[in-house]
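What follows is a single structure, written as structure tokens, with notes after it.
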Amino acid sequence: MFFADDDTIRNHLYHHVTASEIFRILFRICDVMLFIVDENGSLCLANETALNHLGYNADEILGKSFLQIIDAKDRPIMESRMQSMSSEIHTIDTMSYLGKEKMCVSVDFRMMRDTIQDKTYFFIISKDISKLKATEEKFFKAFHSSSVIMVVFTVDEGRIIDANEAAFKMMGFSAHEMIGNTIVGLDLYPNKAQRKKIRDLIKTKGRIENYELTVKTRTGEICYVLFSMDALTIGHEACVLAVGSDFTQRKQTERDLKKAYKEQSRQKAIIEKKSRELEKAKRIIEKEARLVEESSRHKSEFLASMSHELRTPLNSIILLSDLLSQNRSGRLGEKEAEYASIIKSAGNDLLELINDILDISRVESGRMEINLSKVSMEYFCRKIRGYFTEMAGVKGLKFGIHPGAGLTDYFVTDVQKLEQIIKNLISNAIKFTEKGSVDLYIHRPEPTQDLTQIGINGMDHVRTLAFSVVDSGIGIKEDKKDYVFEFFRQADKSILRKYGGTGLGLPVSRVLAQLLGGDIQVESTYKKGSIFTLYIPEMTNEFQKIGSIKQHAETGFPESEGVFHDMSWSMAGKTIIIADDDMRTAYALIQNMDVYEPEIIVATDGKKCMEKLEEYPDTAILLLDIAMPMMDGLSVLRLIRKHKKFKKLPVIMITARAMDKDKDNCLSEGADAFLTKPLDMEKLLSTISRLLEK
């Protein structure tokens, strides 16, 4: 222990302090800070614990004012305490001491006043609570920032000492209104018995867990809070820390569930009855669905069979009549050649009708697909001109194609469907025009035209193509315009009697246009002419993103739409096997290809086809029909692709079955091309040339 230098003070205190050896030992080893201060405020005595905590040595503080080690903000309080204390009064308080390095040490202190030999002294016992203070600050921060409800209140009065923001928000009171007020005063407990029960439980057990408490908010709304409470002492007062979560919504949900359960019970009998009725209806629907599915299957099989049975003889009619109309031998007279052309034209008309019927079936079943390819604008115009120049000339009509300004050299679309639409529109125009002209204008839409009205969304005018077929024909009456796009209906029955037709072409064309992302619009003046305009989006920039499209190595045309090649050098001396059980098809192909001098071998079934391939290992190309006896074309194709010798042999599938799944099956099994009967010789020869060039 350390004493001040004043001899008188030292003697007085030394006598009393050392009068008890036990007190001297306790003063020295005690782990709390002990100070003795005289009535003038001078520090007379300090133990080692005090000096160590504050970082001073005895010479630096003994004999000096005790207030110098008190934090400036607390000095007035300490001075007031020392002046107001009477004998035998103990006071407990909290303040901060200043250490040597200006550090602040928070302490709880007890101060006593006593007289020794007529002199007044203050005995001060202080405990370092800095760590406790830091812990309290952390708790205070967590308390006020927590999202759960926290409230501290006294046990006896229910006076609210503190609450966090979550509590203010839930109860609807401000901090000023709640803190210092009582639970009763705020009328927080609509159930008054709860207050007594909580108080009794805290006093007896010191803790309450998961207590469901009903709370009334400032607005009178009843909330349900699940609280856990712990007893604690603040100062000398018994208090409660309540931590809770608002489960009003859950409570409401529980009530709703109970209500729903009762309602469910009430409805149970009805539901069971309905369930039985639904089960019965389900069995009926399943039966009907099976019938519909079976009917659809029969329909598909019928269409496939009809297509095969009609296309097979039609193939020979068209190929041979085309060959006759060319009159290569020069042995036919002009009239005979003309008759052959008429036969070919009639065959093509029948083919168009078959295709329209199949298209209707695809539309109804939702199986119509889009196959995009890159199309040359120049080639497209040349091809359409080749189709119709002669047809228009026979009727004495002028026919022209007029590409407008601002068009690209290439565009991307489903060229087969585009051609089908344009051919239909031009064929109709020629059919219903007796004199004058039929023209095809290819252009961009007018800048003022609203493209959304024709089903083209997200495209600007610069990336939209318009194909306008303009004629000077009979026109359409204003009230009949809507009829032209309805299946199996024509605008005027008298027209049907005079011009014929099925009423399928335009409806099918509009469906195809909509599949391409566009539409067909009609303008017409009765007895003066009509304008049918096809609008489709142009996808030139997107072409590179379309991974499924195959391009011709040189022309950029899709594989089945290339420009006709010179065959004289590419087929001469080449061995071509035709595998087809229909000898009429084989005969027609031989006659059409004979001029190119290939060596043609015919196999009438799949088994003989494999034998011929073994007999002629240098076969250049195989034309393979799908429907053959003994072994069908797909089975032959699978064997070929498994055979090392024929793995790369070019195979063109030819079939009278024009269903989409047939093409998909063939290409997936390794066919190089797929062509339907009746065969277009230009397309067939071009495909053969392209495959041979590879």
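The values are calculated or read from the model by the stated rules, or taken from the named source; none is laboratory data. Quantities reported herein were computed from a predicted structural model and do not represent experimental measurements. Because the Cβ atoms are built from the backbone with ideal geometry, glycine has one as well, and the counts that use them run over all protein chains shown. These area figures cover heavy atoms from the full protein model, side chains too; ligands, DNA and RNA do not enter into them. Shrake-Rupley method; radii C 1.70, N 1.55, O 1.52, S 1.80 Å.
I want to confirm something. Restricting to the stretch 612-657 and keeping residues that are of a type in the set (A, V, I, L, M) and over 45 Å from the mean Cα position of the chain (by Cα), which single residue is most open to solvent (accessible area, probe 1.4 Å)?
If we take residues in the stretch 612-657 being of a type in the set (A, V, I, L, M) and over 45 Å from the mean Cα position of the chain (by Cα), then 630 is most open to solvent (accessible area, probe 1.4 Å).
Taking residue 491, is it hydrophobic (A, V, I, L, M, F, W, C) and at pLDDT below 85?
Yes: the conditions hold for residue 491.
So the check is Cβ under 7 Å with 6+ separation or different chains; which pairs have a first residue in the stretch 188-204 that's closer than 14 Å to residue 214 by Cβ and a second one that's of a type in the set (Ser, Thr, Tyr) and open to solvent by less than 70 Å² (accessible area, probe 1.4 Å)?
Listed pairs, sorted by first residue: 190/214; 191/214; 194/214; 195/189.
State all residues of the stretch 646-689 that are acidic (Asp, Glu) and over 12 Å from residue 315 (Cβ atoms); if no residue qualifies, say none.
660, 662, 664, 669, 672, 682
Quick check on the stretch 356-385: of everything there that is at pLDDT 75 or above and open to solvent by 60 Å² or more (accessible area, probe 1.4 Å), which residue is nearest to residue 400 (Cα to Cα)? Don't jump to the end; show me each part of the working.
Keep residues of the stretch 356-385 that are at pLDDT 75 or above, which gives 370-385.
Next, from what is left, pick out any that are open to solvent by 60 Å² or more (accessible area, probe 1.4 Å): 370-371, 378, 382, 385.
Working: 370: 29, 371: 28, 378: 14, 382: 11, 385: 7 Å.
Looking at the filtered set, the residue picked out is 385.
Could you pull out every one of the helices (runs of 4 or more DSSP H) wholly within the stretch 1-72 that has 2 or more residues that are modelled with pLDDT under 65 and aliphatic (A, V, I, L, M)?
Those helices (runs of 4 or more DSSP H) span 7-17.
Let me spell it out: the conditions are (1) surrounded by fewer than 16 Cβ atoms within 10 Å (Cβ to Cβ); (2) within 14 Å of residue 404 (Cβ to Cβ); (3) modelled with pLDDT of 90 or more, and residue 441 meets all of them except one. Which number is the exception?
Of the numbered conditions (1) surrounded by fewer than 16 Cβ atoms within 10 Å (Cβ to Cβ); (2) within 14 Å of residue 404 (Cβ to Cβ); (3) modelled with pLDDT of 90 or more, the odd one out for residue 441 is (1).
For the stretch 85-185, give me every one of the helices (runs of 4 or more DSSP H) that falls completely inside it and has 1 or more residues that are modelled with pLDDT under 90 and more than 55 Å from the chain's Cα centre (by Cα).
By residue number, 130-145.
Whether any residue in the stretch 423-434 is closer than 17 Å to residue 375 by Cβ, part of a loop (DSSP other than H, G, I, E, B) and among the basic types (Lys, Arg) is what I want to check.
Within the stretch 423-434, none of the residues are closer than 17 Å to residue 375 by Cβ, part of a loop (DSSP other than H, G, I, E, B) and among the basic types (Lys, Arg).
Name the one entry in 159, 218 that is touching a Ser or Thr at 6+ places or on another chain (Cβ under 7 Å) and open to solvent by 30 Å² or more (accessible area, probe 1.4 Å).
159
Between a first residue in the stretch 311-337 that is crowded, with 18+ Cβ neighbours inside 10 Å and a second residue that is of a type in the set (Asp, Glu), which pairs have beta carbons less than 7 Å apart while being 6 or more apart in sequence or on different chains?
Here the result reads 312/582, each pair linking the stretch 311-337 to a residue that is of a type in the set (Asp, Glu).
So, of the residues in the stretch 29-61 that are open to solvent by less than 50 Å² (accessible area, probe 1.4 Å) and of a type in the set (Val, Ile, Thr), which turns out to be nearest to the chain's Cα centre (by Cα)?
The selected residue is 32.
Given the residues 307, 300, 316, which is the only one that is closer than 30 Å to residue 349 by Cα, part of a helix (DSSP H, G or I), under 37 Å from the mean Cα position of the chain (by Cα) and modelled with pLDDT under 75? Walk me through how you get there before you give the answer.
On the way: 307 fails: under 37 Å from the mean Cα position of the chain (by Cα); 316 fails: under 37 Å from the mean Cα position of the chain (by Cα).
It is 300.
For residue 225, which of the numbered conditions (1) outside any loop (DSSP other than H, G, I, E, B); (2) open to solvent by 50 Å² or more (accessible area, probe 1.4 Å); (3) in contact with a Gly (Cβ under 6 Å, 6 or more places away or on another chain) fails to hold?
(2) is the only condition that residue 225 fails.
Only one of these is in a loop (DSSP other than H, G, I, E, B), over 49 Å from the mean Cα position of the chain (by Cα), modelled with pLDDT of 65 or more and charged (D, E, K, R): 566, 581. Name it.
581
List pairs: first in the stretch 55-71 and within 15 Å of residue 124 (Cβ to Cβ), second of a type in the set (Phe, Trp, Tyr), Cβ under 6 Å, 6+ apart or cross-chain?
62/2; 69/97
Condition (residue is exposed (fewer than 13 other Cβ atoms within 10 Å of the Cβ) and more than 42 Å from the chain's Cα centre (by Cα)) applied to the stretch 236-254: is it met by at least one residue?
Yes, the stretch 236-254 contains a residue that is exposed (fewer than 13 other Cβ atoms within 10 Å of the Cβ) and more than 42 Å from the chain's Cα centre (by Cα).
Sort out which residues of the stretch 167-184 are without any contact (Cβ under 8 Å) to a residue 12 or more places away in the chain and loosely packed, with under 14 Cβ neighbours inside 10 Å, and write them in order of number.
169, 174, 176
Checking the structure you have, find out if any residue of the stretch 444-457 is in contact with a His (Cβ under 8 Å, 6 or more places away or on another chain), loosely packed, with under 13 Cβ neighbours inside 10 Å and either within 21 Å of residue 356 (Cβ to Cβ) or without any contact (Cβ under 8 Å) to a residue 60 or more places away in the chain (or both). Talk me through it step by step, then tell me what you get.
Step one: list which residues in the stretch 444-457 are in contact with a His (Cβ under 8 Å, 6 or more places away or on another chain), which gives 444-447, 449, 451.
Next, from what is left, pick out any that are loosely packed, with under 13 Cβ neighbours inside 10 Å: 446-447.
Retained after the next criterion (residues that are either within 21 Å of residue 356 (Cβ to Cβ) or without any contact (Cβ under 8 Å) to a residue 60 or more places away in the chain (or both)): 446-447.
Looking for residues that are in contact with a His (Cβ under 8 Å, 6 or more places away or on another chain), loosely packed, with under 13 Cβ neighbours inside 10 Å and either within 21 Å of residue 356 (Cβ to Cβ) or without any contact (Cβ under 8 Å) to a residue 60 or more places away in the chain (or both), one finds at least one in the stretch 444-457, hence yes.
Just name the residue that is least open to solvent (accessible area, probe 1.4 Å) out of those in the stretch 670-694 that are over 14 Å from residue 311 (Cβ atoms), touching a strand residue (DSSP E or B) at 6+ places or on another chain (Cβ under 9 Å) and of a type in the set (D, E, K, R).
690
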